[in-house]
1. What is the distance, in nm, between label points placed 7 Å from the Cα along the Cα-to-Cβ direction at residue 142 and at residue 350?
2. For segment 307-373 and segment 43-67, what is the centre-to-centre distance using only Cα atoms, to the nearest Å?
3. Tell me the angle of helix 79-90 to the major Cα principal axis of the chain, expressed in degrees between 0 and 90 and rounded to the nearest ten.
4. If r is the Cβ-Cβ distance from residue 28 to residue 246 and R0 is 56 Å, what FRET efficiency results, to the nearest 0.05?
5. With the contact rule set at Cα under 8 Å and sequence spacing of 6 or more, what percent relative contact order holds for the chain?
6. Can you give me the angle between helix 257-269 and the longest principal axis of the chain, using Cα atoms only, in degrees from 0 to 90, rounded to the nearest 10?
7. Report the dimensions of the chain along its three principal axes from the alpha-carbon atoms, largest first, rounded to Å.
8. For a Förster distance of 35 Å, can you work out the FRET efficiency between the beta-carbons of residue 179 and residue 149, rounded to the nearest 0.05?
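What follows draws every value from the coordinates through simple rules; no lab data is involved. Since the structure is predicted, the reported quantities are computational estimates derived from the model, not experimental observations. When we count neighbours, we look across all protein chains shown, and the Cβ atoms used for this are built from the backbone with ideal geometry, even at glycine.
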């Protein structure tokens, strides 16, 4: 069974507020249309025909460069006309089945494609749907009308899958409204039974400018590393906890090497530079400052970027003092500063087997790794 794909990318996408039609705008590192075309290619669809606006050939070819088997054709005045024109082009390849997909739905799980193709073994058409969670009502002007049973309703997504010959005939015979809502309506009006399969919430349609504002990576990772010299007469602060010891760490602030590494990791994860840029040692206001202020500042910047700390892993590298007796207090203090559950914080220690400056007890080093999740 040969399965072709038709990706509808002929709209102007003006509501998305992008400098180019939204299907060609960059989203999560690549053009919107490229996400779903790559998924269809990975599923074995061939050929893949992308229906584009008139005059968009250059931007479309650039957006999909390097993907084998992709073809282009110009769309019509409405979505239904664009699909029909695309199906006429695909007819020359004589596919058995076709997946018709909206380019504005970039995240296309392979599992949805698989469920659709399985359904085509028993039906001429199949569409992915999701249940309706909200209460529904009919509108009577500005007033609430009769209630609607949400149990009887589904949210319809794409891609929509069909036996090719039948859906082409349905579009050729369509005499309904100028612009059909989707291909399933055209198919059903022609007399085709259309099966419902489970959709996926990730198949969200990008429509408004806010949808592109939410195109940040779901997860970001940062790493940090810092070193401070051990000296007599200094206090020893690690992870915001004061530890009794013969020597303390020397620095412009309280020299909490572990917090400094953690701050750098968090700043690095959001691309906000390093601790020296935010709290320069040349600035006298930070002389002797408690490093928890630096960490709280990093936490605020992370939150301002729309992220939350998923976990932090701090490693302290020293011969002495022993970190184990203080580990839980350190975790609690870091969690308190950042306003997270202690389960998100890991503190551990290691030695360098008496090698190097830490092995000679000249200083303490620390490294940190953090992961941030988009809120």
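1. Placing both labels 7 Å beyond Cα along the Cβ direction yields 6.9 nm.
2. Each part reduced to its Cα centre gives a spacing of 50 Å.
3. Once rounded, one gets 80 degrees.
4. Numbers: r = 52 Å, r/R0 = 0.93.
Once the sixth-power term is evaluated, E becomes 0.60.
5. Working: 786 pairs, mean separation 54.2, N = 375.
In percent, rounded to a whole number, it is 14.
6. That works out to roughly 20 degrees.
7. 90, 52, 38
8. Working: r = 27 Å, r/R0 = 0.78.
According to the calculation, E is roughly 0.80.
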